[in-house]
Each structure stands twice: as C-alpha cells, then as structure tokens.
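Data block below; observations after.
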Amino acid sequence: MRYRWLMLVVVLMPCAGCGQQSAPEHVPGRPVVFPVDAESYLLNLARSVQVNCKAEDATVEAACIARIERRSVSCFKEPLIPYPSVLDDREHSKRVSRRYLDCVMPHPICHGMEVKSSEDESRLCRSSS
C-alpha cells in the first residue's frame, strides 16, 4: 500500500504548480515578448518613470526617486485589486499598466516635484524662457 502512495506522489508532484501560470521576466531594453511576468514588467515600468525626477537639486531628485521606488513595490505587493501574475498580450499589459502607474504616480511630476494643482504646474513645469 505504501508503495502505491509513493508512486502516486511521485507522479503528481511535477504537477503541483500546474495551476500557476508562469512566463519569462521582462528585461529592460529588450523587446517585450508576451506572455511576460507581470511583476518584472511593472517594476521596470515604474523605474522608467523615474526620468521625471530629474531636477537641478540632487536632494529633490533623490527624494523623488525614493518615493517612486517605495510606491512601485507597495502598489504591486498591496493593491486593492490584485495584479495578474502574467500579462498575456499588449492590450492586457496596457490595462494593467495604467492602473499600476495611477498608483505609483498619482500626480504628474515636474523637476522632481509632484504637481497637485494648476499653481504647482505653472510654478514647476513651465520653463522660465
């Protein structure tokens, strides 16, 4: 009898993760091949918006980057609506990415500062030329 249970376990063990879908991770700088791992894709997307943190003041820039990094992890790990583990195609990635970026960057960023009002926009985003 024990031999039968052992054989059953050996046969079914490779299928223990069958219910979970997996896909290759996204590598920045390379074309996206779908399906793609959602976590790597979304975290790389959050890193790409850090370009908005560019500022003349290094302290402001560093604080902005740190804020986006904190949000990128917390938005993925603790969302109100869970993210899928795999993004199936370009349309699926657009829908999921929009929701994710709304969490990571709820307000536009100009020169490392979040723009929450029209006064902030005129002060921070308009060039002085």
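Nothing in this text is a laboratory measurement; each read-out follows from the coordinates by a stated rule. Since we're looking at a predicted model, the values are computed, not measured. Methodologically, a virtual Cβ is constructed for each residue, glycine included, from the backbone with ideal geometry; neighbour enumeration extends over all protein chains shown.
Show the residues, 5+ positions off or on another chain, whose built amide H is closer than 5 Å to the amide H of H26.
The list, which skips near neighbours in sequence, is D37, S40, Y41.
K77: which lysines have alpha carbons under 26 Å from its alpha carbon, excluding same-chain residues fewer than 8 sequence positions away?
K94, K116
Kindly put C53, C75 in sequence by how many other C-beta atoms sit within 10 Å of each C-beta, fewest to most.
Fewest to most other Cβ atoms nearby, the residues stand as C53, C75.
Where nothing but the Cβ of Lys and Arg (+1) and of Asp and Glu (-1) is charged, how large is the charge dipole of segment 32-113 around its Cα centre, in debye to the nearest 20?
That gives segment 32-113 a dipole magnitude of about 140 debye.
Tell me, what ³J(HN,Hα) does each residue in segment 40-53 have, in order and in whole Hz, if you take phi through Karplus 6.51 cos²θ - 1.76 cosθ + 1.60 with θ = phi - 60° and put x for Gly and Pro?
Once rounded to whole Hz, the list reads 5, 5, 5, 5, 5, 4, 5, 5, 5, 7, 5, 4, 5, 7.
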